[in-house]
Amino acid sequence: MKPAQTSTQNSAKSTTAISKKSKGFTDEERGAIRERVQELKADNRDGESAVLAKIAEMPEPDRTMGKRLHAIIKESAPVLSPRLWYGMPAYAKDGKVVCFFQPAQKFKTRYATFGFSDKANLDEGGMWPNAFALKGLTAFEEARIAALVKKAVR
């Protein structure tokens with residue numbers, strides 16, 4: 001009987017050790033997951049309205065960047081459809097997200113992120129960037145984003 005108790009005690013100790021090491025998802029990550037579940041349940045026929053509403057909720061400077069990115073993407077790649085993706089503005093082709101805007105406040109980071117999924121045609125050899133930190137948008141960044149978005153949907 002003693003070996004069974006030892007086995008149970010060891011099992012309890014290892015479970016405790018595992019739970020101490022793993023903290024799971026952050027509050028922000030859990031929030032993003034909840035938003036994604038709601039997006040999947042919602043009727044996504046009017047993605048543009050949902051994206052514009054989400055951008056309007058953002059604090060500055062994310063709101064200004066989100067508005068400008070929306071305009072650049074719509075102009076550069078009209079084939080992309082706006083939609084929400086994990087609570088973030090995203091743009092999809094044939095139902096698959098190609099690029100997205102992650103505002104800084106989403107995960108309490110010091111910069112926003114403009115990123116591309118694996119559906120974007122940005123391959124350059126064996127390595128290429130797929131996300132960019134944004135602290136602001138100048139004409140240079142806007143031109144670069146427009147070119148990348150055009151390339152992504154080719």
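Each value in this text was obtained by applying a stated rule to the coordinates, not by laboratory testing. All values reported here derive from a predicted model rather than from experimental measurement. Ideal geometry is used to build each Cβ from the backbone, glycine not excepted, and the neighbour counts take in all protein chains shown.
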Query - Hits among aspartates and glutamates - C-alpha to C-alpha of Lys67 under 16 Å, sequence gap 8 or more where chains match - result: Glu48, Glu57, Glu75, Glu141, Glu142
Query raised in the report: So what is the diffusion coefficient of region 36-154 in µm² per second by Stokes-Einstein at 20 °C and 1.002 mPa s, using a Kirkwood Rh over Cα pairs?
Result: 149
Report task. Scan region 99-154 for GluC sites (Glu not before Pro) in coil per DSSP, keeping those whose Cβ has at most 15 other Cβ atoms within 10 Å, and list them by number. Result -> Glu124
**Report entry** Loop sites in region 35-135: trypsin sites (Lys or Arg not before Pro), DSSP, at most 10 other Cβ within 10 Å
**Finding:** Lys108, Arg110
Report task. Multiply the residue separation of Phe140 and Glu48 by 0.36 nm, subtract the distance between their alpha-carbon atoms, and state the gained length in nm to one decimal. Result -> 30.5 nm
Query raised in the report: So what is the relative contact order of region 47-154, in percent, for Cα pairs below 8 Å that sit 6 or more residues apart?
Result: 24
Query raised in the report: Whole-Hz Karplus ³J(HN,Hα) for region 142-154, in order, using 6.51 cos²θ - 1.76 cosθ + 1.60 and θ = phi - 60°, x for Gly and Pro?
Result: 4, 5, 5, 5, 4, 5, 5, 5, 4, 5, 4, 9, 5
Query raised in the report: With a sphere of radius 11 Å drawn around the Cβ of Lys96, what net charge do the other residues whose Cβ falls strictly inside it have (Lys, Arg +1; Asp, Glu -1)?
Result: +1
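Looking at region 103-154, which chymotrypsin sites (Phe, Trp or Tyr not before Pro) are DSSP coil and have at most 10 other C-beta atoms within 10 Å of their C-beta? Before the final figure, lay out each step's value.
Numbers: sites: Phe107, Tyr111, Phe114, Phe116, Phe132, Phe140; in loops: Phe107, Tyr111.
When the chymotrypsin sites (Phe, Trp or Tyr not before Pro) of region 103-154 are filtered for loop state and at most 10 Cβ neighbours within 10 Å, nothing remains.
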Report summary line: Here the gain from full extension of Lys23 to Leu40, 0.36 nm per residue of separation minus their alpha-carbon distance, amounts to 3.5 nm
